[in-house]
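The values are calculated or read from the model by the stated rules, or taken from the named source; none is laboratory data. This structure is a prediction, so every number in the text was calculated from the model and none was measured. Positions of Cβ are backbone-derived with ideal geometry, glycine not excepted, and every protein chain shown enters the neighbour counts.
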Amino acid sequence: HIANTNSMGGSAHLSFTMGAVMAAGGTMAFFRKGSKASLIGGCGVGALFIGSGLLIQSGQNRNGHLIALASSLALAGGMGARTMKTGKFMPAGMIASLGALCSLYQGKKVLEWWDE
């Protein structure tokens, strides 16, 4: 079924928020430290989250949540490994924590929408 796209459902909010936060963080790291990897990674993962939000908003809930789950797990894993390597919580540990929390939510939503 196709959702009403005139109002954004709660499920899409998290994806759009994570997309904006990741893109802004990657851009900020680029301007502050010259990190091209952060710019590409942040904007890339941000684009995946925004794409997942658009899918959810259009009624493609399972696919949208699957993409958001994969993005969240990539954040948690990649930034978690970076946190362990550097021993610093900021910024990688915070992003890993956001990814882990988002993974829990997105995993729950994938299970809810699995038979869609």
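Which residues, taken from the range 54-72, are farther than 17 Å from GLY107 by Cβ and part of a helix (DSSP H, G or I)? Spell out how you get there, then give the answer.
Within the range 54-72, the first condition is being farther than 17 Å from GLY107 by Cβ, and the residues that meet it are 54, 57-60.
The answer is LEU54, GLN57.
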Looking at the range 17-42, which of its residues are without any contact (Cβ under 8 Å) to a residue 60 or more places away in the chain, surrounded by fewer than 18 Cβ atoms within 10 Å (Cβ to Cβ) and either part of a helix (DSSP H, G or I) or in contact with a strand residue (DSSP E or B) (Cβ under 8 Å, 6 or more places away or on another chain) (or both)? THR17, ALA20, ALA24, THR27, MET28, PHE30, PHE31, ARG32, LYS33, LYS36, ALA37, ILE40
When the range 84-111 is checked residue by residue, the ones that are closer than 15 Å to ALA12 by Cα and either in contact (Cβ under 8 Å) with a residue 12 or more places away in the chain or in contact with a helix residue (DSSP H, G or I) (Cβ under 6 Å, 6 or more places away or on another chain) (or both) are CYS102, SER103, TYR105, GLN106, GLY107, LYS109, VAL110
Could you tell me which of the residues ALA81, ALA47, ALA70, ALA76 is touching a Gly at 6+ places or on another chain (Cβ under 9 Å), free of Cβ contacts under 8 Å to residues at least 60 places away in the same chain, surrounded by fewer than 17 Cβ atoms within 10 Å (Cβ to Cβ) and not β-branched (Val, Ile, Thr)? ALA47
State all residues of the range 15-35 that are under 17 Å from ALA70 (Cα atoms) and either of a type in the set (S, T, N, Q) or at pLDDT below 95 (or both); if no residue qualifies, say none. SER15, THR17
